[in-house]
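The values are calculated or read from the model by the stated rules, or taken from the named source; none is laboratory data. Computed from a prediction, not measured in an experiment: that's the story for all the values here. Cβ placement follows ideal geometry from the backbone for every residue including glycine, while neighbour counts extend to all protein chains displayed. Calculation scope for accessible area: heavy atoms of the full protein, side chains included, ligands and nucleic acids excluded. Shrake-Rupley method; radii C 1.70, N 1.55, O 1.52, S 1.80 Å.
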Amino acid sequence: QAKRTEGVEMQFYSPKLDRQTAARKRLESEVRTAVEQSAFTPVYQPKVDLATGRIVGAEALARWQLDSGRIVSPGVFIPVAESCGLIGDIGEQITRKACLGAAKWADMGYNDISIAVNVSPRQFENDDLGTMLIDAMTTAGLLPRLLQLEITESVAVTDPERLRDVIGPLKSMGVRLAIDDFGTGHSNLAMLGRLPFDVFKIDRAFISSLHNDKQAPAIVEMILGMAETLGMETVAEGVETDDQLQFLKRRGCDQYQGFLFSPPVSLEKFIEMVRRNRQPAAA
Ligand code: C2E
Ligand code: MG
Ligand code: MG
Ligand code: MG
């Protein structure tokens with residue numbers, strides 16, 4: 001009883017809460033300024049073919065570069081940007097820069113290495129999303145088949161019609177669609193089968209528990225089996241150990257991403273890594 005009263009008082013009269021609100025407001029206005037300064041840039045994490053060890057793609061991950069040189073992670077600014085309506089602007093900056101990056105390596109002869117960008121559910125509320133994506137590819141001179149969109153299950157679940165409308169024209173150009181963090185959402189399996197997905201990205205949580213949880217291996221196998229039945233490609237996220245890699249290889253997962261191979265790196269470092277990973281594909 002006493003505890004509950006305390007809680008209510010905390011809620012209505014708390015210097016701590018005031019401080020949190022003030023900090024939140026400050027962060028919001030800093031994000032807004034950073035958007036104006038185009039301070040959001042992608043880093044690139046390689047996606048590697050499990051059978052051949054070749055780099056076959058990269059995921060663009062947003063970073064905020066402060067004037068001080070410090071780098072801020074998306075875990076800090078994405079939730080704020082989503083709640084104050086700036087996620088579309090950040091997504092656009094990342095997408096345009098990432099398309100330019102991918103067009104650059106394609107021009108160097110690595111024209112089979114794809115680029116994946118994360119699209120937040122909130123971005124689907126904007127009618128101009130499709131136009132922006134097409135313009136980003138066209139401006140960069142990037143082949144649509146090299147662009148992949150990573151979306152979480154929530155968009156598919158809450159508004160499959162909208163997803164189909166926005167994605168349809170892009171899909172017919174050759175853009176590919178991946179479900180990110182697969183296994184953590186609330187997908188209706190029948191619905192997933194009817195949506196135009198090409199790739200399952202198995203959530204890091206399952207990969208990291210492969211060797212210390214009884215259920216994780218079974219869940220991963222089930223996802224891989226389902227992907228095979230549906231004719232979809234599979235990517236394992238967050239691979240950190242060789243044991244995890246070997247498990248995925250034995251079970252026929254197509255690609256992996258994770259610190260074991262490389263953390264996300266700058267465009268220059270990524271291209272250098274590709275150069276070392278293989279000879280240029282025939283132009
Ligand atoms: P995500 O799309 O699932 O991206 C994978 C995250 O896992 C990245 O974190 C990546 O750096 C991290 N990661 C990769 N390999 C490993 C590993 O082996 N071990 C561990 N522990 N972590 C690994 P990051 O860059 O902090 O991004 C976090 C999330 O923020 C992303 O999750 C994505 O949901 C979101 N995000 C990042 N960039 C963008 C963006 O441009 N737009 C939107 N809407 N969301 C973004
Ligand atoms: Mg992703
Ligand atoms: Mg993911
Ligand atoms: Mg994830």
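Quick notes on this structure:
- Label-zone membership for region 17-56, site GLU82, 7 angstrom Cα→C-beta point, backbone N under 17 Å: 28
- Scanning residues 5 or more positions from LEU177 or on other chains, those with amide H under 5 Å from its amide H are LEU149, ASP198, VAL199, with H placed 1.01 Å from N in the peptide plane.
- Available extension along the chain between ASP107 and ASN188 is 25.1 nm, counting 0.36 nm per residue and deducting the alpha carbon span.
- Accessible heavy-atom area order of GLU82, GLU125, highest first, probe of 1.4 Å: GLU125, GLU82
- Gained length - SER73 relative to THR138, 0.36 nm times residue gap less alpha-carbon distance: 20.5 nm
- With a 1.4 Å probe rolled over the protein heavy atoms of all chains, the accessible area of MET222, MET173 falls in the order MET222, MET173, largest first.
- Model label points for ARG145 and ASP165, set 7 angstrom from Cα along the Cα-to-Cβ axis, are 3.0 nm apart.
- Just the protein heavy atoms count here, and of the accessible area of region 172-283 at 1.4 Å, carbon and sulfur take up 50 percent.
- At a probe radius of 1.4 angstrom, the accessible area of region 172-280 per residue rounds to 52 square angstrom.
- Cross-link pairs LYS201/LYS269; LYS47/LYS104; LYS104/LYS201; LYS249/LYS269; LYS201/LYS249; LYS104/LYS269 - those with Cα-Cα distance over 20 Å: LYS201/LYS269; LYS104/LYS201; LYS249/LYS269
- Subtracting the Cα-Cα distance of ASP198 and ASN126 from 0.36 nm times their residue separation leaves 23.6 nm of extension gain.
- Per-residue Karplus couplings for region 48-64, computed as 6.51 cos²θ - 1.76 cosθ + 1.60 with θ equal to phi - 60°, are listed in order as 10, 6, 5, 6, 10, x, 8, 6, 10, x, 9, 9, 7, 10, 6, 10, 9 Hz, Gly and Pro entered as x.
- Restricting attention to the chain, close to 40% of DSSP beta bridges with both partner residues there are antiparallel.
- With every protein chain in place, region 90-155: carbon and sulfur % of accessible area (1.4 Å): 53
- Pairwise centroid distance, computed over Cα atoms, of region 196-252 with region 92-155, Å: 25
- Accessible area per residue in Å² at 1.4 Å probe, computed on region 38-104: 38
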